[in-house]
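Worksheet: one structure, shown below.
The values are calculated or read from the model by the stated rules, or taken from the named source; none is laboratory data. This structure is a prediction, so every number in the text was calculated from the model and none was measured. Neighbour counts run over all protein chains shown; Cβ positions are idealised from the backbone, glycine included.
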């Protein structure tokens, strides 16, 4: 089938028109562009495929605004890069300057290429021994792609804009800005845009802070500009993963939703803007400091990808992002000849021992980890230099002889012991940061980002930021990590990032350096993983910071939050999954009371809340009774039965009318089975809880719905408060159609607040 088509015509006023229509039938998504004359394109359709693609040429006349009183001769109809030359009088979205003077560019399109690019791997999903099995397809991935060359010859600025429709249904666009004039061209802003329909009148973003990341917020999409900027040198806790607009009241399962994301781990902005005269736009881009990108003649700057996702409900929007990043990681495995493997269950030592490292203690903890079914043992902060607390030693990436002396109780001996127990060995680093109280800082004060020669940025957690744009600093960090990975046989790196990157000027160049610092981080990730095939790296950033497609393309998972309190984690994980597939979210079983909130919770809730993600343990098992260890092992064993399917499943969330409950699930690609979690966060207005709907199933199929074994006995777990038996809560379950389950739902057990249960739906 033809995935992209071009049409030519003339508007009612004689304007020459070129239209491009692209679709991905399997993803049930299409978009259409119209180029009026030699202007940049207008997005005239974004949604389901059209039955008659040739009609998109008429959409110019159908959608173009009339001239109205007291305005310019051309009423604003924003292109993919709105400028004042096309009557856009909203916020500046394209800011370039030559010798300090702002240029007002009028781009003329000189070339349009619309083609299906056959490149990269496509994959076939089959079953092998009851588990999913990916193989490289015979035919390559086919991507409808539009490439547009335009320029303002008089002002010496050239633009190459690329837009592609990924097989997942994501639209990706970026722009290359080229200096074709005399003198230097400073690029300060390139904020690309997607036009959205008029009935997309509500905005959903996420906000938050440390220990409460990804908290949803909604507001009307009114006249004016709404922007969420992230200026911490990486996406911060307050950064929104997606900017979503849609019909008022849209949710996970209903309403047309249009979402935008900037795939970049540095400074960025996402925005929604509507003028009284025009359609609304959503979009974003990298935020650049003055002088950060300065181009000589012939030099260029390419924006990060601005990624758009359309869906009927947020579940479909999220599934497109999940499919994309899963394929990126399959590509890495294939390219480096690495056999895929299930996500290993992790034990991380931080909340078990903190800085108190001791060989004998960690050996005993490793033994308990093995009993619990753990497959990866990660030693956290405190193993290097003078790092006995968070005030000193950061940057001195040499094993501390005070804590880990050479010999039979060295860090190497611990790594060997862990490997001998059949587990992988992981180690914590914070490569981008340095304590002023460190040998690195004392010997190389010029290796730190700072606004002037004599003033450091404001400290955070006793830290400053290493200037990775300095080749000597980069080489030191990379070689230190590379050497330790080889010497210790490190299988996994927990990469932390605690200091906000502010006033980030490189002493080497005298220029702001956030852009190049971000590229340097990507390079260390990819170089280490290429040098050590099979090495995995987690992006942890004071917990749940720096979560974006840029880092997700090079990292193997993110740490969802430093808060492992399961009550808080419910919504943190739910909204993180708008972008991140669950198997890439670190979800750990912690202690009770929780370190971060001091809230006491049951072990069942803590285990249930970690069940769909990359499961791990953040808990000092040496202090727990054997019965709890045995219970943990039972849940870990149950998780291992399903984790390979979780890594390909569609993540779904239900829109429950009751704000006290949550329903989350994972549905197999062929909809043959699903596992759901029902969580009673607080008491409900109804008692017992009302029936809950189960999204994602085949409406025409019949399913047997029954409890998962670990949740079967409510009395034994002491988490229910029903005084009679729930009719279907037994091993046999009950039969219902997918349509009935999605429409009227099924009655959940009556639970105490802060409790959760797991159950499955299997096609009969």
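Residue selection: residue 91 fails the criterion of being in contact (Cβ under 8 Å) with a residue 12 or more places away in the chain, in the same structural domain as residue 147 (by TED's automatic domain parsing) and buried (at least 19 other Cβ atoms within 10 Å of the Cβ).
Within the stretch 747-763, is there a residue that is more than 21 Å from residue 611 (Cα to Cα), assigned to a loop (DSSP other than H, G, I, E, B) and without any contact (Cβ under 8 Å) to a residue 60 or more places away in the chain? Yes, the conditions are met somewhere in the stretch 747-763. The C-beta contact set for the stretch 132-143 (first residue without any contact (Cβ under 8 Å) to a residue 24 or more places away in the chain, second residue part of a strand (DSSP E or B), distance under 7 angstrom, 6+ apart or interchain) comprises 133/126; 133/127; 135/123; 135/124; 135/126; 137/123; 137/124; 140/118. For the stretch 501-519, the set of residues classified as surrounded by fewer than 22 Cβ atoms within 10 Å (Cβ to Cβ) and either in contact with a strand residue (DSSP E or B) (Cβ under 6 Å, 6 or more places away or on another chain) or closer than 26 Å to residue 348 by Cβ (or both) consists of 505, 512, listed by residue number. Condition first: free of Cβ contacts under 8 Å to residues at least 24 places away in the same chain and either in a loop (DSSP other than H, G, I, E, B) or under 24 Å from residue 265 (Cβ atoms) (or both). Now tell me which residues in the stretch 213-238 satisfy that. Once the filter is applied, which keeps residues that are free of Cβ contacts under 8 Å to residues at least 24 places away in the same chain and either in a loop (DSSP other than H, G, I, E, B) or under 24 Å from residue 265 (Cβ atoms) (or both), the stretch 213-238 yields only 217. If you go through the stretch 293-302 and keep only what is on the phi < 0 side of the Ramachandran plot, surrounded by fewer than 22 Cβ atoms within 10 Å (Cβ to Cβ) and either assigned to a loop (DSSP other than H, G, I, E, B) or outside the structural domain of residue 271 (by TED's automatic domain parsing) (or both), you end up with 296, 297, 299. Among the numbered conditions (1) crowded, with 21+ Cβ neighbours inside 10 Å; (2) touching a helix residue (DSSP H, G or I) at 6+ places or on another chain (Cβ under 7 Å); (3) outside the structural domain of residue 459 (by TED's automatic domain parsing); (4) without any contact (Cβ under 8 Å) to a residue 60 or more places away in the chain, the only one that residue 372 does not meet is (4).
Scan the stretch 39-49 for residues that are free of Cβ contacts under 8 Å to residues at least 60 places away in the same chain, assigned to a loop (DSSP other than H, G, I, E, B) and in contact with a strand residue (DSSP E or B) (Cβ under 6 Å, 6 or more places away or on another chain) and the total you get is 1. Exactly one residue out of 727, 696 is touching a strand residue (DSSP E or B) at 6+ places or on another chain (Cβ under 9 Å), assigned to a loop (DSSP other than H, G, I, E, B) and more than 23 Å from residue 316 (Cβ to Cβ): that is 727.
This table checks each residue for (1) without any contact (Cβ under 8 Å) to a residue 60 or more places away in the chain; (2) within 18 Å of residue 477 (Cα to Cα); (3) over 19 Å from the mean Cα position of the chain (by Cα).
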{"site": "504", "(1), (2), (3)": "no, no, yes"}
{"site": "509", "(1), (2), (3)": "yes, no, yes"}
{"site": "512", "(1), (2), (3)": "no, no, yes"}
{"site": "516", "(1), (2), (3)": "yes, yes, yes"}
{"site": "521", "(1), (2), (3)": "no, yes, no"}
{"site": "535", "(1), (2), (3)": "yes, yes, yes"}
{"site": "547", "(1), (2), (3)": "no, no, no"}
{"site": "560", "(1), (2), (3)": "no, no, no"}
{"site": "576", "(1), (2), (3)": "no, no, no"}
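Among the residues of the stretch 376-388, just one is within 22 Å of residue 643 (Cα to Cα) and surrounded by fewer than 22 Cβ atoms within 10 Å (Cβ to Cβ), namely 376. Does residue 269 fit the bill of being surrounded by fewer than 22 Cβ atoms within 10 Å (Cβ to Cβ) and either farther than 29 Å from residue 243 by Cβ or at pLDDT 95 or above (or both)? So residue 269 passes the test. Against the list (1) part of a strand (DSSP E or B); (2) farther than 21 Å from residue 197 by Cα; (3) in contact with a helix residue (DSSP H, G or I) (Cβ under 7 Å, 6 or more places away or on another chain), the condition residue 21 fails is (2).
With the structure loaded, tell me whether residue 683 is on the phi < 0 side of the Ramachandran plot and out of contact with any helix residue (DSSP H, G or I) (no Cβ under 8 Å at 6 or more places or on another chain) or whether it fails that test. Yes. Number of residues in the stretch 132-153 that are farther than 11 Å from residue 165 by Cα and assigned to a strand (DSSP E or B) equals 11. Residue 551 passes every criterion in (1) crowded, with 24+ Cβ neighbours inside 10 Å; (2) under 19 Å from residue 615 (Cα atoms); (3) in contact with a strand residue (DSSP E or B) (Cβ under 6 Å, 6 or more places away or on another chain) apart from (2). Report, by residue number, each residue of the stretch 189-209 that is crowded, with 21+ Cβ neighbours inside 10 Å and either at positive phi or out of contact with any helix residue (DSSP H, G or I) (no Cβ under 6 Å at 6 or more places or on another chain) (or both). Matches in the stretch 189-209: 190, 191, 192, 193, 194, 195, 196, 200, 203, 204, 205, 208.
The set of residues in the stretch 586-620 being touching a helix residue (DSSP H, G or I) at 6+ places or on another chain (Cβ under 6 Å), closer than 13 Å to residue 679 by Cβ and not in a loop (DSSP other than H, G, I, E, B) consists of 604, 605, 606, 607, 609.
Identify all residues within the stretch 656-680 that are in a loop (DSSP other than H, G, I, E, B) and closer than 22 Å to residue 323 by Cα; write none if there are none. Passing the criteria: 668, 669, 670, 671, 672.
Looking only at residues of the stretch 460-469 that are under 22 Å from residue 520 (Cβ atoms) and assigned to a loop (DSSP other than H, G, I, E, B), we find that the one that is modelled with the lowest pLDDT is 461.
For beta carbons closer than 6 Å, sequence separation of 6+ or different chains, a first residue in the stretch 4-18 that is part of a loop (DSSP other than H, G, I, E, B) and a second that is surrounded by 12 or more Cβ atoms within 10 Å (Cβ to Cβ), the qualifying pairs are 11/17; 11/60; 11/61; 12/61; 15/36; 15/37.
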